[in-house]
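The next block holds one structure in the form of C-alpha cells; read it before the comments.
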Amino acid sequence: MDGRAIGGKRTGFSERPIGIFDSGVGGLAVARNVARLAPHEPFIYLADSGRFPYGPRPLEEVRRFTGQALRFFAEKGTKLVIIACNTATAAALEEASRTSPMPVVGVIDPGSRAALATHRGPGWLAVLGTKATIDSGAYPRALRGLGFGGEAAGLACPAFVLAAESGEFEGPAVERMVADALGPLVGRRPSTVILGCTHFAPLARAISLALGPDVAIVDPAEETAREALDILRREGLEAPAAGGGSGAADAGAEPVYRFFTSGDPEHFRAVGGRLFGRPILHVETVDLERY
Ligand code: DGL
C-alpha cells in the first residue's frame, strides 16, 4: 500500500508515524518511552492545549474532542494511535476502538496491568486522576477485568494537572500543594498508587515525598508504549530499523517526530522539551475544530 509524505518523503505503510494524543504535555511521558524503546519509530504528537484541561469536562465533550484528534491523525496517515490521556481513554477508547480504521491504544489497561505487576497486598490500591477519570470508574473496572479482587479507590487531583502543564514539577510550593491534595490518603496509606493521569509523572517525586517510601508509585507510560509497540510487531507495522529500507528510517537518519498543538506553541516547546527529555525544536499549530 502506498504511503503518504512524512517529512517530505514517500513512505510505505509501516514507515508511517504513530499518533500520540493528550490534552497537553502529559502524554510526552508516553512519547518519551516510545522513543526510548523503539528509536526508529516516527510519531506525531498532538496536544489539545487550546482546550486543556479535559479533566473538569463532561465525558461526552472529551469524546467529541478525541474524535477530532482521531480524524486529524487519519488525515496525517498514522498507522496506530495512542490516546496518551487517561481522561480521553476513559471517555472515548471504547468508541474509538470500534470505529477507528487503525489500532487505538489507551493508557488505562496498560496502567492497570503495570499496577497489578507491582502491587503487593494486603494494602489497598489508590488511583490518582482527573475528576472525569475518577468519576468514570474506569480504573476499578479495568482492575477487576484483570482479576483484581482487592480494594481500589480513586482521588481526583485537579491541581496536579495545572501545575504540570505550567511546568511546575518540583520545589517547596509544589511539594506543599501535593501534600495537601494527598491529605486524605495519609491517614490510611495505600500500598500502591497509580498515576492515573499522564500529567502526574513529573510530580512523582513530590507524590512519593508526601506518601513515604513504602508506597509504590506506578506510571502507566512505559507499559502503554510497550503495548503499542507489541501491536505494531504483531501486525507487521514496525518501521524498518535504521540501516534497512528508505524514508524515515534510512541508515543514520533520525526518525521524524512532529509536534502539534491547538494552543501556544512556544509554551508547549518549552515545557514539553523537559518532559520529552530532549529539546523540541519546532511545534506546529492546528485548529482541531476543523476536524
Ligand atoms: N493528561 C490527561 C489525563 O491523563 C488529563 C489532563 C487534563 O485534565 O486535561 O487524564
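Details
- Using the Cβ of Met177 as centre and a radius below 15 Å, the other residues enclosed give a net charge of -3, where K and R count +1 and D and E count -1.
- Relative contact order for the chain, counting Cα pairs under 8 Å that sit 6 or more residues apart, in percent: 27
- Accessible surface of the chain [probe 1.4 Å, protein heavy atoms]: carbon and sulfur percent: 51
- For the chain, calculated [θ]222 nm from helices alone, where every DSSP H run of n ≥ 4 adds -39500 (n - 2.57): -12500 deg cm²/dmol
- Accessible area expressed per residue, the chain, with surrounding protein chains retained (probe 1.4 Å, Å²): 42
- In segment 16-80, the ratio of gyration radius to Kirkwood radius, Rg to Rh, stands at 1.00 when only Cα atoms are counted.
- Heavy atoms of Cys85 accessible to a 1.4 Å probe, total area in Å² rounded to 10: 10
- Pairwise FRET efficiency - Arg205 versus Asp287, Cβ, R0 = 25 Å, nearest 0.05: 0.10
- Stretched out straight at 0.36 nm per residue, the stretch from Val186 to Glu266 would grow longer than its current Cα-Cα span by 25.0 nm.
- With only Cα atoms counted, the chain has Rg and Dmax values of 18.5, 59 Å.
- Paramagnetic label zone (point 7 Å from Cα along Cα-to-C-beta, Trp124; backbone N under 15 Å) in segment 202-240: none
- Of Pro101, Pro158, Val25, farthest towards positive along the dipole that unit charges on Lys, Arg, Asp, Glu beta carbons give the chain: Pro101
The values are calculated or read from the model by the stated rules, or taken from the named source; none is laboratory data. Since the model is a prediction, treat every value here as computed from it, not as a measurement. Neighbour counts are summed over all protein chains in view; Cβ atoms, including those assigned to glycine, are modelled from backbone coordinates with ideal geometry. Please note that ligands, DNA and RNA were not included when accessible areas were found on the heavy atoms of the full protein model with its side chains. Shrake-Rupley method; radii C 1.70, N 1.55, O 1.52, S 1.80 Å.
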